[in-house]
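Asker: Sharing a structure below in structure tokens format, with a few things to ask.
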């Protein structure tokens, strides 16, 4: 289970960081559009759809990365008060009731959606530029597959926690909550004071 968790975290982290560069591309496209529209009075026809595709790519491909770093918004007001084994049982049950049905449907129906878009070489209907969007639609089933892999990893984490009473370490802590960082720093300071 530990090797699968490491594999899933590495895959999610790699994909999330790779697609984070879409932000730079999105910013470049937006700056280009502003200059063309306001300096040269020649706005582009393609930039709006381009921006939508870049934002969509960031949003879809960051899901598994966000899950792997525990950065999703979570209503844990009561959850965090429970012992870790109870938290693990709650996670385990909720992943099977809510998470997996949604992401498997995303992957399955997203594949049909993307396949149809590729078959007809779909273009954007809301832009006079008619840019191709079938490649961007391929990210829908891919994001579903990545979320499924990361979800299996999270289930394995819950099983390990149920058996050991301790959550396995995360590979990446890029998006760690400030509260956790402060608590860890405070604990280190307390240990240093004791020594």
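Computed from the coordinates by the stated procedures, all read-outs in this text should not be read as laboratory data. Values in this document were obtained by computation on a predicted structure and should not be read as measured data. When we count neighbours, we look across all protein chains shown, and the Cβ atoms used for this are built from the backbone with ideal geometry, even at glycine.
Asker: Evaluate the distance, in nm, between pseudo-label points positioned 7 Å from the Cα of residue 104 and of residue 90 along their respective Cα→Cβ axes.
Answerer: It is 2.5 nm.
Asker: Please give the FRET efficiency for residue 2 paired with residue 30, using the beta carbon to beta carbon distance and R0 = 45 Å, rounded to the nearest 0.05.
Answerer: Working: r = 43 Å, r/R0 = 0.95.
Calculated value: 0.60.
Asker: Kindly express, to the nearest 10 degrees and within the range 0 to 90, the angle between helix 178-194's C-alpha long axis and the longest C-alpha principal axis of the chain.
Answerer: 30 degrees
Asker: Same structure, new question: Order of 159-165, 86-92, 122-128 by packing, highest average Cβ count within 10 Å first? Display every interim value, and only then the final one.
Answerer: Working: 159-165: 14.6, 86-92: 17.3, 122-128: 13.0.
Per-residue mean Cβ counts within 10 Å order the peptides as 86-92, 159-165, 122-128.
Asker: Then there is this: Below 8 Å between Cα atoms, with a sequence gap of 6+, how large is the relative contact order for region 2-194 in percent? Write down the numbers at each step before the final one.
Answerer: Values: 209 pairs, mean separation 58.3, N = 193.
Taking the mean separation of contacting Cα pairs over the length of region 2-194, I get 30 percent.
Asker: Post the alpha-carbon centroid distance, region 40-68 to region 93-134, in whole angstrom.
Answerer: What the calculation gives is 15 Å, centre to centre.
Asker: To the nearest 10 degrees, how steep is helix 22-38 against the longest Cα principal axis of the chain, on a 0 to 90 scale?
Answerer: 40 degrees
Asker: Quick check: the angle from helix 100-120's long axis to the longest principal axis of the chain, C-alpha only, nearest 10 degrees?
Answerer: The angle comes out at about 20 degrees.
Asker: Could you check how many percent of all C-alpha pairs in the chain are farther apart than 26 Å?
Answerer: Details: 8962 of 18915 pairs.
Result for the distance tail: 47 percent.
Asker: Ranked from highest to lowest mean number of other Cβ atoms within 10 Å per residue, what is the order of the peptides 62-73, 16-27?
Answerer: Numbers: 62-73: 18.9, 16-27: 14.9.
Those peptides, ordered most packed to least, come out 62-73, 16-27.
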